[in-house]
1. Of the residues that make up the stretch 224-232, is at least one in contact (Cβ under 8 Å) with a residue 60 or more places away in the chain, over 30 Å from Glu176 (Cβ atoms), open to solvent by 50 Å² or more (accessible area, probe 1.4 Å) and in contact with a Phe, Trp or Tyr (Cβ under 9 Å, 6 or more places away or on another chain)?
2. Tell me which residues, restricted to the stretch 227-253, are aliphatic (A, V, I, L, M) and assigned to a loop (DSSP other than H, G, I, E, B).
3. List, please: which pairs have Cβ atoms under 8 Å, are six or more places apart or on different chains, and start with a residue in the stretch 177-193 that is open to solvent by 40 Å² or more (accessible area, probe 1.4 Å) and end with one that is among the charged types (D, E, K, R)?
4. Quick test of your reading of the structure: Ala238 fulfils all but one of (1) touching a strand residue (DSSP E or B) at 6+ places or on another chain (Cβ under 9 Å); (2) open to solvent by less than 80 Å² (accessible area, probe 1.4 Å); (3) free of Cβ contacts under 8 Å to residues at least 12 places away in the same chain. Name the failing condition by number.
5. Tell me yes or no: at least one residue of the stretch 198-207 is open to solvent by less than 40 Å² (accessible area, probe 1.4 Å), touching a residue at least 12 places away in the same chain (Cβ under 8 Å) and in contact with a strand residue (DSSP E or B) (Cβ under 6 Å, 6 or more places away or on another chain).
6. Mind checking which residues of the stretch 224-247 are β-branched (Val, Ile, Thr) and touching a Ser or Thr at 6+ places or on another chain (Cβ under 8 Å)?
7. Residues of the stretch 276-329 being farther than 22 Å from Tyr242 by Cβ and aromatic (Phe, Trp, Tyr), which ones?
Amino acid sequence: MHENRNRERTGWWRERTKNPTFAAVAGAIAGVFFTVLAGMFTSAGHLYLVHDVITYDGISDYIQVAMVSQGLVDEDILSLTNPQEQIEMIAQTLRHNKGGEKELQFSLQQFLISIGEDEETISKCSQDELIAKLTEVSTEFSELQTDYVNQQEELEKIKAQKMAVLSEPKLNILGEDVDSSWIDCMATIDGAAFYSESLLNSFLSEPIRYQDGTIYYGSDIPARVNAVSAGLLYDGLALDIYDENSHFPMENKDYSSGIVAKAYVFDTVRIACDKSYSRIDFILGHVDNTGTGSGEVKISYLENGKTVEAKAIELTDGTPKEEYSIPIHNTSTVTIELRALGTSFGLADIYLVK
């Protein structure tokens with residue numbers, strides 16, 4: 001009768017472990033369990049065991065190794081669904097047993113102090129208060145696991161991102177070094193260079209901007225513009241300019257837009273392109289009924305402050321009329337040199353093309 005009362009008082013856990021005294025069992029369980037758990041905590045709030053990271057699900061493995069395999073805990077505890085329930089079960093079992101209180105209370109105190117609880121406060125807690133704090137540990141494990149999973153997902157996202165290296169390169173604009181106070185104005189990603197909008201706008205002739213998924217540069221300009229009627233020609237005072245008010249014939253066809261170099265005229269006309277066009281189109285030929293002779297036309301453009309010759313064309317009064325399309329590489333200025341000896345030559349329908 002006395003033995004049954006004692007068994008009922010000490011609970012089913014002692015019956016399962018079948019150890020001779022609960023003090024020994026409780027002390028061994030608490031000692032091993034708290035030593036293992038204490039090793040899982042760091043000041044950063046992550047779970048570790050010595051130098052190896054331990055996951056939330058790995059807690060069950062340590063319970064099995066430290067307790068079940070040692071015969072301190074029945075293996076039925078591993079049938080519980082997660083480590084939190086297992087910890088709660090151990091806490092509940094300890095709460096129902098009053099034997100070995102001194103050893104158990106000391107183990108609880110040492111564990112709670114090892115994970116950062118205030119030593120003075122813990123030393124004044126009752127066994128029930130200590131066990132309540134132990135129950136809180138299981139909740140902390142769950143929260144730590146959630147944080148760990150979230151951090152791992154965030155880490156994977158970061159790993160998938162392309163990393164940019166920011167820098168402040170020296171500037172050389174149109175052959176001249178330019179002092180710059182721009183910071184982090186260039187990004188290098190996988191070997192490709194990307195420049196800030198503010199930096200580009202500091203020297204581009206037209207502003208560049210990004211809006212509604214589209215990059216805009218400058219104002220909207222026509223894809224094809226007549227250089228004469230648009231008023232883009234300058235210099236060339238010795239040349240005749242035709243702007244729809246009169247006309248000149250080439251191979252029996254009249255043209256009302258263009259320029260003509262009369263006999264024994266050497267002159268240069270320039271076209272303002274505003275870096276907006278990639279080529280120049282025109283028709284070149286001998287002006288009808290202007291005698292015999294020869295001449296030359298040279299087309300050049302400005303690039304980085306230097307003049308680049310794009311085309312040189314030798315002419316005679318027998319040269320047939322021909323259409324030309326010459327790249328000008330979005331230059332700011334195109335130069336046309338005309339030389340006529342003994343006869344006249346004309347350029348008609350001069351167009352700048354994007």
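1. yes
2. Looking only at the stretch 227-253, we keep the residues that are aliphatic (A, V, I, L, M), and these are 227-228, 230, 232-233, 237-239, 241, 250.
Answer for the stretch 227-253, where residues must be aliphatic (A, V, I, L, M) and assigned to a loop (DSSP other than H, G, I, E, B): Ala227, Val228, Ala230, Leu232, Leu237, Ala238, Leu239.
3. Asp177/Lys170; Ser180/Glu168; Ser180/Lys170; Trp182/Glu168; Ile183/Glu168; Asp184/Glu168; Ile189/Lys162; Asp190/Lys162
4. With (1) touching a strand residue (DSSP E or B) at 6+ places or on another chain (Cβ under 9 Å); (2) open to solvent by less than 80 Å² (accessible area, probe 1.4 Å); (3) free of Cβ contacts under 8 Å to residues at least 12 places away in the same chain applied to Ala238, the lone miss is (3).
5. Checked the stretch 198-207: no residue is open to solvent by less than 40 Å² (accessible area, probe 1.4 Å), touching a residue at least 12 places away in the same chain (Cβ under 8 Å) and in contact with a strand residue (DSSP E or B) (Cβ under 6 Å, 6 or more places away or on another chain).
6. Within the stretch 224-247, the subset β-branched (Val, Ile, Thr) is 225, 228, 241.
Once the filter is applied, which keeps residues that are β-branched (Val, Ile, Thr) and touching a Ser or Thr at 6+ places or on another chain (Cβ under 8 Å), the stretch 224-247 yields only Val228.
7. Within the stretch 276-329, Tyr301 is the sole residue that qualifies.
The values are calculated or read from the model by the stated rules, or taken from the named source; none is laboratory data. Treat the numbers as computed from the prediction; the structure is a model and nothing was measured. Note that we place each Cβ from the backbone using ideal geometry, even for glycine, and neighbour counts take in every protein chain shown. When the accessible area is computed, the model is the full protein with side chains, heavy atoms only, and any ligands, DNA or RNA have been set aside. Shrake-Rupley method; radii C 1.70, N 1.55, O 1.52, S 1.80 Å.
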